[in-house]
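Heads up: the structure comes next, in C-alpha cells.
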Amino acid sequence: MKARLKTNFIQLNTALTTFKKEMEAQGLWDSVAVVITSDFGRSLTANSGLGSDHAWGGNYFVAGGSVNGGQVLGKFPKDLTEAGDLNIGRGRLLPTSGWESIWNSVVGWMGVETDEELDYCLPNRIKTGAKLYTKEEVFTN
C-alpha cells in the first residue's frame, strides 16, 4: 500500500507541477483554483488484504496563484488512537469539516457573494454546522 501511495503522490506532483507551469506560461495561474478532494476517507488501520477500508474523514487541497497557501484549515485530531474522541473504531475518524467548508470559499472567490447565491450553490452549507471558510481566509485576492 505504501509503495503504491508513494508512486501515486509522485504522479500527482508531476501532473500539478506541469499544469502550474503551463498556467503560468499563459499568464492564468492567478485566475486558477485547483481543488483536490477525497471522495471518502480511509481507515488508519490495515484490513486483511493489507489495504485500508472506506472511512469518513477525508481531505481537501486547494492550489492556485491566488491561494493563501501554507495553511492547514480544520481540526487535526488530538488523538489518532482507538481512544481518540473522533475515532469510531478501526481508525475511522469522524470529520470535523464538511466539503461545503472549503467549497464555500471557492465559490465566493469565483464571484458568488450573497447568502442566497451561496445557498443555491451549496444547499446544505448551513445544515452541516461546520465552519464555512470565506474567500478572504483561503485566497489572497
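Checked against the criterion of being open to solvent by 50 Å² or more (accessible area, probe 1.4 Å) and outside any loop (DSSP other than H, G, I, E, B), region 60-72 contains one or more residues that satisfy it. Kindly evaluate ASP30 against the criterion of being outside any loop (DSSP other than H, G, I, E, B) and either touching a residue at least 60 places away in the same chain (Cβ under 8 Å) or in contact with an Asp or Glu (Cβ under 9 Å, 6 or more places away or on another chain) (or both). Considered against the rule, which asks whether it is outside any loop (DSSP other than H, G, I, E, B) and either touching a residue at least 60 places away in the same chain (Cβ under 8 Å) or in contact with an Asp or Glu (Cβ under 9 Å, 6 or more places away or on another chain) (or both), ASP30 comes out as yes. Of all residues being touching a strand residue (DSSP E or B) at 6+ places or on another chain (Cβ under 9 Å) and hydroxyl-bearing (Ser, Thr, Tyr) in region 22-45, which is least open to solvent (accessible area, probe 1.4 Å)? Just the residue, please. Once the filter is applied, the top-ranked residue is SER43. Of the residues making up region 46-59, those that are open to solvent by less than 80 Å² (accessible area, probe 1.4 Å) and over 21 Å from SER101 (Cα atoms) are ALA46, ASN47, GLY49, GLY51, SER52, ASP53.
Would you check if GLY91 is out of contact with any Phe, Trp or Tyr (no Cβ under 6 Å at 6 or more places or on another chain), within 22 Å of LEU44 (Cβ to Cβ) and open to solvent by less than 30 Å² (accessible area, probe 1.4 Å)? Considered against the rule, which asks whether it is out of contact with any Phe, Trp or Tyr (no Cβ under 6 Å at 6 or more places or on another chain), within 22 Å of LEU44 (Cβ to Cβ) and open to solvent by less than 30 Å² (accessible area, probe 1.4 Å), GLY91 comes out as yes.
Where residues in region 116-130 are among the charged types (D, E, K, R) and open to solvent by 100 Å² or more (accessible area, probe 1.4 Å), which of them is farthest from ILE102 (Cα to Cα)? Within region 116-130, the match that is farthest from ILE102 (Cα to Cα) is GLU116. Of all residue pairs spaced 6 or more apart or on separate chains, those with beta-carbon atoms under 9 Å, a first member in region 61-85 that is within 19 Å of LEU132 (Cβ to Cβ) and a second member that is assigned to a strand (DSSP E or B) and modelled with pLDDT under 90 are PHE61/THR37; LEU73/TYR60; GLY74/TYR60.
The values are calculated or read from the model by the stated rules, or taken from the named source; none is laboratory data. These numbers come from a predicted model, not from an experiment. Glycine also receives a Cβ, built like all others from the backbone with ideal geometry; neighbour counts cover every protein chain displayed. Ligands, DNA and RNA are excluded from the accessible area calculation, which covers all protein heavy atoms including side chains. Shrake-Rupley method; radii C 1.70, N 1.55, O 1.52, S 1.80 Å.
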